[in-house]
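Engineer: Provided herewith is a single structure, encoded as structure tokens, for subsequent inquiry.
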Amino acid sequence: MASIIVPAHNEAAVIERTLRSITPDGWPSEYEIIVACNGCTDDTAARARAFEGVKVLETDVGSKVVALNMGDSAASQYPRIYLDADIETDIESIRNVIRVLEAGEADVAAPAAVLETSDCSFLARRYFDVWSRTDYFKNSIGSGFVGMSKAGRERFQEWPNIIPDDEYARLVVPRERRRIVREGRFTIRPPTQLRSLVNTRTRHVMGNYQLKALYPDLWATKEPASSVVTASLKHPESLPWLGLYLGVGLVSRWRARARIRAGELGWYTDKTARTPTQEDDDWTSGD
């Protein structure tokens, strides 16, 4: 038995797709699913309750960290899998991650990530073509799917009030106890427009700055940064778009520093990947 915790904030557009991907016939005999709705003003909770056996929790506080802690309090099993509400995976990938964690082979694990960029604009797709070839993308745990053993989860009490929860969960476990489970896959649908992409990267950079400042000892265990130039040289077709990739990185770092200086540590949720025709969303204040 294991527990799957799905924090969800206004995810009516995607929650059913995610839950369908992890609730095949007979699933309740293998694990429990908890959807932690936080600050929802749509019918995310009602859509989740329509899935037999899924436990739905609700809070008026719009905070992923609050949702994670609420889900943990209700969960009864280990290992724990923390799954973003817009992620798609499958029963075999879930089983393989649980198997690795239960066997004591790792304390934090995730399947290999796959990018679905068919709805992306031309420039956004070129950016993700470059990113997907980096060692960071191929080997990093997180991006919406994090599995933890009991020993791994007991390395901290409550989830800290920071932006990069998945990065924290990965770094809190020693490097040799982290594992990508190649026998599994999960699908990420990234921002479809360049503006949304820059906003998402800005949030990511803000989270890294925050994590480095608050937990320098954990940050020191982070894997060495991979070279996007080296990756591009191995795939010459991506070289023409290397400037775009580096430019997005520079703009994102500049914007992240500006927001931090202004004390604007809000949360940005990309809506373009959830509904391709949706306009880019604004930043919201967060805990």
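Here, each number is a calculation from the coordinates, and none is a lab measurement. Being a predicted model, the structure only gives us computed values, none of them experimental. So basically every Cβ, Gly included, is an ideal-geometry build from the backbone, and we count neighbours across all protein chains shown.
Engineer: If you average 1/r across every pair of different Cα atoms in segment 44-179 and take the reciprocal, what Kirkwood value do you get, in Å? Display every interim value, and only then the final one.
Structural biologist: Details: mean 1/r = 0.0608 Å⁻¹.
So the Kirkwood estimate lands at 16.5 Å.
Engineer: For the ranges 213-220, 10-17, 175-182, what's the packing order if you count other beta-carbon atoms within 10 Å of each residue, average per peptide, and put the highest first? Let's see the in-between values first.
Structural biologist: Details: 213-220: 12.0, 10-17: 19.9, 175-182: 15.2.
Averaged packing, sorted descending, gives the order 10-17, 175-182, 213-220.
Engineer: Treating only the Cβ of Lys, Arg, Asp and Glu as charged (+1, +1, -1, -1), what charge dipole size does segment 2-192 show about its Cα centre? Round to the nearest 20 debye. Don't skip to the end; give the middle numbers.
Structural biologist: Details: 24 positive and 30 negative charges, 129 e Å.
Taking the Cα centre of segment 2-192 as origin, the dipole is about 620 debye.
Engineer: Now, a different point. Which listed residue (SER21, VAL228, VAL35) has the Cα farthest towards the positive end of the charge dipole for the chain, taking +1 on Lys and Arg C-beta and -1 on Asp and Glu C-beta about the Cα centre?
Structural biologist: Comparing the listed Cα positions along the dipole, VAL228 ranks first.
Engineer: Taking the Cα atoms only, what angle lies between the long axis of helix 194-214 and the longest principal axis of the chain, rounded to 10 degrees?
Structural biologist: The helix 194-214 is inclined about 70 degrees to the chain.
Engineer: Here is a further query. Please report how far the C-alpha centroid of segment 188-237 lies from that of segment 1-24, rounded to the nearest whole angstrom.
Structural biologist: 25 Å
Engineer: In degrees, nearest 10, range 0 to 90: what is the angle between the Cα axis of helix 91-102 and the longest Cα principal axis of the chain?
Structural biologist: Taking Cα atoms only, the helix is inclined about 80 degrees.
Engineer: I've got another one for you. Between helix 64-74 and the chain, what is the angle of the helix's C-alpha long axis to the longest principal axis, kept within 0 to 90° and rounded to the nearest 10?
Structural biologist: 20 degrees
Engineer: Now a separate question. Rank-order 139-150, 228-239 by packing density, defined as the average count of other C-beta atoms within 10 Å over each peptide's residues, highest first.
Structural biologist: Those peptides, ordered most packed to least, come out 139-150, 228-239.
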